[in-house]
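Derivation of every value follows stated rules applied to the coordinates shown; laboratory data play no part. Predicted, not measured: the structure shown is a model, and the values here were computed from it. Don't worry about glycine lacking a Cβ; one is built from the backbone with ideal geometry, like all the others, and counts go over all protein chains shown.
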Amino acid sequence: MSIAERFSTAGRIAIDGLSIHLGSGPDAFEAVQALSFDVTPGEFVCILGPSGCGKSTLLGALAGHLTPSSGSLQVDGQPVLGPSPSRGMVFQQHTLLPWRRVLDNVAFGLKMQGIGKAERQRQAREFLGWVGLEDFAGHWPSQLSGGMLQRVEIARVLINRPKLLLMDEPFGALDAQTRSQMQELLLEIWGRIQTTVVFVTHDIDEALFLADRILVMSPRPGRFIEDLRLDFPRPRQPELLTSAEFVRLKRHCLELLRHQDGRQLPRLTPLGLPLENTQPRFAL
Amino acid sequence: MSRLSVDLGRRWSLRLASLLLCLGFWQVAARMHLDLGLVTFRNVPSPVEVVQAAWALFNSHALPRHLLSSLGRVASGYLAAALVAVALGLAIGRSKWAEDLLLPPLEVLRPIPAVAWIPLAILMFPSSELSMIFITFTGALFPILLNTVHGVESVDRRLIASARSLGAGRLAILREVVLPGAAPSIVTGLSIGMGTSWFCLVTAEMISGQWGIGYYTWEAYTLQNYADIIVGMLLIGVLGMASSGLVKRLGTRLTPWYRPQEKHG
């Protein structure tokens, strides 16, 4: 049985009147406001918007790390109540466990399911092969480059066969060339499995290259100001980036983002507000 | 020879020279009965006298019993402290509730010096052996506890969120993420705690009737055998340093992914 067959059907997202408040007391604010949209199973959706607009907040709520203050959020008819392996999350910076070798990091989800060591390592090797890193199974994460770390991260999430793949600017910290390689790799993998992807980015090129559909968000409080369907044929090649239709849509998106006022907002994360540098509470 | 080993050789000769210089100064100052006004070496035994006293101790049958008694006390007090402190530290670091419940009394107890515990220790424990172990326990407890709490609180919360998304429950997060994440800090605490446990040994063995390096030192003081005092002090110093180093080494082997930055210059 191939891996692709083992993936269950992709998830359907139904969001209605979703608002999320962040912060507490007088600093509390509405990060996203009255969002309503549906995503059909297997769709590749990009959420495009300026920094701090609440797109990562929406992703955090889909993952189950943030609780909505009003509205409903359902995946396959079930309300989202907390994190689940069926909704895989990839952060901008990798979150591999530094004390586990690459292979054991990938096998982590299976270990949590109680699957035996030999079987989970066999599957982990298979998924590492998917992202082209089978030769790095025995390395520590600290020995890998940024692009390789994100590949491992993707393999680690996919091993749980998620119905939903949530990605928070996963290639935002990579150099331009690595980023475009990663985009092609992601499309290739997505072509082989049935999973819905929600991909957050502020990079217009990236959104246009990857998505079936782009939801453009306004600055805080985040609302959708455009729902754009793309029908570029797949598999997509880098030549697409210079085609006339691509450039026309890019201009359209630039226009949408430019019309928004130029306030610079601090970046939000899928876990809420960014942490301030906390000082240790004890003198040691 | 490669540059690296030349460098290493130079560093080791510097270390050795520093030790020899200190010894040399001590010998000269003690021999000349040097009086610097604020501090005087008039009654300080010279290194040669100390070596003679050490030789006498090493040739007596008492040394193994002194050593074994002290090692046993430090080891029991330290192990108990390590278990209690790591468990408490994990709870306090993970839960606000445990923090509010446990931290206030611990913060009150923390500044109390070991010597002040002696009367209570004698009252609370049935045997003097247990009272002594308790004193070495108080010495090791707080460095390990505070370093554990600090380590647990500085674990990246994204790692915890990510593990939850991959299906980890509360216990699995503690075992797979929090404990290894805090491990380097816990190892630091364990190594400091080993030192402070020895630090309290003389205090603890003031209670003892007969055996122990701390007792030997204390007895030498009451009998005014100054050379013996210094032998006792140095023995405690060397044993403390060796056991701290051992803990640090074991800790490094247990955290192979963690390599602190090298110091330069």
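Which of the lysines could be linked to A:LYS111 by a straight reach, that is with a Cα gap under 26 Å, when you skip same-chain ones fewer than 8 residues away? Of all the lysines, those that pass the test against A:LYS111 - Cα under 26 Å, at least 8 places apart if same chain - are A:LYS163. When the P(r) of segment B:1-44 is calculated, the portion above 14 Å amounts to 62% of the C-alpha pairs. Once backbone amide H atoms are built at 1.01 Å from N, A:HIS21 has A:ALA31, A:SER69 as its partners under 5 Å, excluding neighbours fewer than 5 places away on the same chain.
All distinct Cα pairs of segment A:169-227 go into the 1/r average, and the inverse of that average, the Kirkwood radius, is 12.7 Å. Can you give the calculated 222 nm mean residue ellipticity of chain B, where each DSSP H run of n ≥ 4 adds -39,500 (n - 2.57) and the sum is split over every residue, rounded to the nearest 500 deg cm²/dmol? Roughly -26000 deg cm²/dmol at 222 nm, from the helical runs in chain B. Looking at the square roots a ≥ b ≥ c of the eigenvalues of the Cα gyration tensor of segment A:112-208, which shape do they give, rounded for a/c under 1.5, prolate if a/b is larger than b/c, or oblate? Note, shape of segment A:112-208 comes out oblate. Considering only alpha-carbon pairs that sit under 8 angstrom and 6 or more positions apart, the relative contact order computed for segment A:164-237 is 29 percent.
Peptide A:87-100 has a mean of 5 when you count, residue by residue, the C-beta atoms of other protein chains within 10 Å of its C-beta. Counting only Cβ charges, +1 for Lys and Arg and -1 for Asp and Glu, the dipole size of the protein assembly as shown around its Cα centre is about 860 debye. For chain B, with a Gaussian network of springs between Cα atoms less than 10 Å apart, report the residue from B:LEU145, B:LEU103, B:LEU23 with the top mean-square fluctuation. Most flexible of the set in this elastic network: B:LEU23. Between segment A:213-251 and segment A:148-180, how far is it from one alpha carbon centroid to the other, in angstrom? Comparing the Cα centres of segment A:213-251 and segment A:148-180, I get a distance of 20 Å. Restricting the calculation to Cα atoms, segment B:164-265 yields a radius of gyration followed by a Dmax of 20.2, 67 Å. Only one residue of A:GLY116, A:SER180, A:LEU97 has its Cα farthest out toward the positive end of the dipole of chain A, where Lys and Arg carry +1 and Asp and Glu -1 on Cβ, and that residue is A:GLY116. Estimated from the Cβ-Cβ distance and a Förster radius of 51 angstrom, the FRET efficiency linking B:ARG157 and B:ALA17 is about 0.60.
Rg then Dmax, both in Å and based on the Cα atoms of chain A: 19.0, 63. Of the residues B:HIS33, B:GLY9, B:LEU19, the one whose Cα sits farthest towards the positive end of the charge dipole of segment B:1-44 is B:GLY9 (charges of +1 on Lys and Arg Cβ, -1 on Asp and Glu Cβ, taken about the Cα centre).
A Gaussian network model of chain B, with springs between Cα atoms under 10 Å, assigns the largest mean-square fluctuation among B:ARG249, B:ARG15, B:ARG158 to B:ARG15. Please say if segment B:1-91 is rounded, prolate or oblate, where rounded means a/c under 1.5 for a ≥ b ≥ c the square roots of the C-alpha gyration tensor eigenvalues, and otherwise the choice is prolate for a/b larger than b/c and oblate otherwise? It comes out oblate by the Cα gyration axes.
Only Lys, Arg, Asp and Glu carry charge here, each on its Cβ (+1 for the first two, -1 for the last two); on that basis chain A has a dipole of about 640 debye about its Cα centre. Dimensions of the protein assembly as shown based on its C-alpha atoms, expressed as ranges along the principal axes with the largest first, amount to 96, 60, 53 Å. Shape class for chain B: oblate, because the ratio a/c of the largest to smallest gyration tensor axis (alpha-carbon atoms, square roots of eigenvalues) is 1.5 or more and b/c is at least a/b. Remark: relative contact order (chain B) = 21 percent; criterion is Cα-Cα distance under 8 angstrom and separation of 6 or more residues. Cross-link partners for A:LYS250 among the lysines, with Cα-Cα distance under 29 Å and sequence neighbours closer than 8 places in the same chain left out: A:LYS55.
Think of each Lys and Arg Cβ as +1 and each Asp and Glu Cβ as -1; about the Cα centre, that makes the dipole of chain B roughly 1020 debye.
Sites listed here are GluC sites (Glu not before Pro) in segment B:167-237 whose DSSP assignment is loop and whose Cβ has at most 13 other Cβ atoms within 10 Å, and the list is empty.
Over the residues of chain A, the helix contribution to mean residue ellipticity at 222 nm works out to -9000 deg cm²/dmol, using -39500 (n - 2.57) for each DSSP H run of at least 4.
So if the hydrodynamic radius of segment A:121-272 is defined as the Kirkwood radius over C-alpha pairs, what does Stokes-Einstein give as its diffusion coefficient at 20 °C and 1.002 mPa s, in µm² per second? Result for D is 125 µm²/s. With the charge dipole of chain B set up from +1 on Lys and Arg Cβ and -1 on Asp and Glu Cβ about the Cα centre, the Cα lying farthest toward the positive end among the listed residues B:GLY209, B:VAL155, B:LEU250 is that of B:VAL155.
Spatial offset of segment B:170-230 relative to segment A:42-117 amounts to 46 Å, using the alpha carbon center of each.
Computed on the Cα atoms alone, the convex hull of segment A:1-160 gives a volume of 149 cubic angstrom per residue.
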